[in-house]
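Worksheet: the structure to be examined is printed underneath.
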Amino acid sequence: MALSSSPLSKGIVITVPVLVLAASATAILFLLLSLSSSSCDCSSAVGTVRTPVIESAVENAAFSVAERISTSKDDVEWVKDQIRINGLHMQDNVLRKGINPRTRAEQLQDLINYKGISHYEGQESNNHTALPCPGGLLVEEHHSNYGEPWAGGRDVFEFLAESSHLRPNSRVLEIGCGTLRVGLHFIRYLKPEHFHCLERDELSLMAAFRYELPSQGLLHKRPLIVRGEDMDFSKFGSGVVYDLIYASAVFLHMPDKLVWVGLERLASKLKPHDGRIFVSHNVKFCSRLGGEECTKRLSSLGLEYLGKFTHDSLLFNHYEIWFGFRRFKT
């Protein structure tokens with residue numbers, strides 16, 4: 001009762017612990033502030049030095065991924081190791097077929113007769129397939145239209161992309177892309193709308209639009225593929241400039257006069273100095289004029305012949321010949 005009735009006693013009882021705690025807190029706070037103050041400059045300096053290094057590492061990693069196009073020796077050794085580790089062997093160079101083996105012709109007949117193992121009947125068959133594809137395309141008959149394995153398209157892409165020092169933001173024009181044996185790889189690598197193609201064959205374009213692009217998940221890349229002939233590039237726009245223009249086994253099927261018309265129209269669409277034109281197989285449209293006359297005619301278009309190049313296939317015994325040109329006038 002005495003303590004409770006005395007304001008002074010009451011005040012002392014309450015204040016002493018508070019003062020002790022306050023003093024302790026003040027000491028701790030002062031210590032923390034001192035440590036913080038002494039390490040502030042150091043921390044700031046470390047942050048200043050290290051942050052660009054981290055950003056640079058990330059940028060370099062992204063750059064390396066973007067730069068990586070062709071298969072390296074390490075890649076080849078890795079896949080050989082996987083085959084060896086798993087004890088895999090080819091049996092008389094023929095792969096064992098699955099539980100329901102079918103040739104392409106048999107697969108096509110199955111599609112005609114049965115649609116698929118599980119399928120919708122009647123009106124329902126029209127309500128569940130967003131982009132119905134002809135059976136001939138589903139069994140990839142068009143992959144046999146090139147006189148050599150479909151896989152060769154990847155070889156062509158790697159050679160052209162690396163020879164032209166392409167980046168994802170580069171722009172590419174293919175003259176005669178067919179069913180996109182090569183074009184698929186460019187479309188996948190480049191930014192949306194950066195791959196253009198002029199193709200005259202309707203069946204090839206149907207295979208490209210109705211099977212290859214959807215089945216490869218590349219519809220979102222929106223390549224500009226135009227049906228046309230006679231080297232008419234007007235639908236691609238007047239302001240576009242290409243880092244690479246190429247024609248694979250196309251010019252040898254054209255009259256020389258038409259090839260020169262095309263080159264005249266394309267010369268101004270090729271990026272000066274760094275841009276490249278590549279033509280496969282031969283340049284008889286040029287050699288038939290004679291070396292001096294050909295050089296003179298190319299020069300009048302602002303084009304320069306760079307030489308003959310070859311590249312090997314990764315998966316089969318084959319090499320391809322390309323002839324390169326660049327634009328030396330701005």
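The values are calculated or read from the model by the stated rules, or taken from the named source; none is laboratory data. Just so we're clear, the structure is a prediction, and the values are computed from it rather than from any experiment. Counting neighbours? That spans all protein chains shown, and the Cβs are built from the backbone with ideal geometry, glycine included. Heavy atoms of the whole protein, side chains included, go into the accessibility calculation; ligands, DNA and RNA do not. Shrake-Rupley method; radii C 1.70, N 1.55, O 1.52, S 1.80 Å.
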Item checked: LYS308 versus HIS220: modelled label distance in nm, points set 7 Å from Cα along the beta carbon direction -> 4.5
Margin query: If you take every residue apart from ASP312 with its C-beta less than 9 Å away from the C-beta of ASP312, what net charge results, scoring Lys and Arg +1 and Asp and Glu -1?
Written below: -2
Next item on the list: Using a 1.4 Å probe and ignoring any ligands, DNA or RNA, find the accessible area of THR103 and quote it in Å² to the nearest 10.
Entry: 60
Item checked: Paramagnetic reach from SER70 in the stretch 149-163 [backbone N under 13 Å; point 7 Å along Cα→Cβ] -> 155-163
Check: Where in the stretch 204-226 does the label zone of GLU193 land, with the point 7 angstrom along Cα→C-beta and an amide N cut-off under 18 Å?
Finding: 218-226
Next item on the list: Give the total of Lys-Lys pairs in the stretch 221-287 with Cα-Cα distances below 24 Å; include a pair only if its members are 8 or more places apart or on different chains.
Entry: 10
Notebook entry, point to check: Roughly what would the spin-label model give for TRP78 and PHE209, points 7 Å off Cα along C-beta, in nm?
Noted result: 3.8
Margin query: Please give me the summed charge of the neighbours of PRO272: other residues whose Cβ is under 9 Å from its Cβ, Lys and Arg +1, Asp and Glu -1.
Written below: +3
Item checked: Label point distance in nm, TYR120-THR103, each placed 7 Å from Cα along Cα→Cβ -> 3.4
Checklist line | Farthest toward positive dipole pole in the stretch 274-330 [+1 Lys/Arg, -1 Asp/Glu at C-beta], among PHE316, THR330, CYS286 | finding: THR330
Next item on the list: Mind giving me the FRET efficiency for MET90 and ALA130? R0 is 41 Å, r the Cβ-Cβ distance, nearest 0.05 is fine.
Entry: 0.60
Margin query: With every protein chain kept in place and ligands, DNA and RNA left out, what is the accessible area per residue of the stretch 128-243? Probe 1.4 Å, answer in Å².
Written below: 46
Checklist line | Net charge of Cβ neighbours under 12 Å - reference GLU202; Lys, Arg +1; Asp, Glu -1 | finding: 0
Checklist line | Probe 1.4 Å, all protein chains present, accessible-area order of ASP256, ASP230, largest first | finding: ASP230, ASP256
Next item on the list: Calculate what fraction, in whole %, of the accessible area of the stretch 255-298 sits on carbon and sulfur atoms when a 1.4 Å probe is rolled over the protein chains.
Entry: 51
Notebook entry, point to check: Say R0 is 45 Å: what FRET efficiency, to the nearest 0.05, do HIS318 and LEU258 get from their beta-carbon distance?
Noted result: 0.95
Check: Of SER248, SER268, which has the most accessible area and how do the rest follow, probe 1.4 Å?
Finding: SER268, SER248
Item checked: Packing rank of 197-205, 171-179, 129-137, where each peptide gets the mean count of other beta carbons within 10 Å, highest leading -> 171-179, 197-205, 129-137
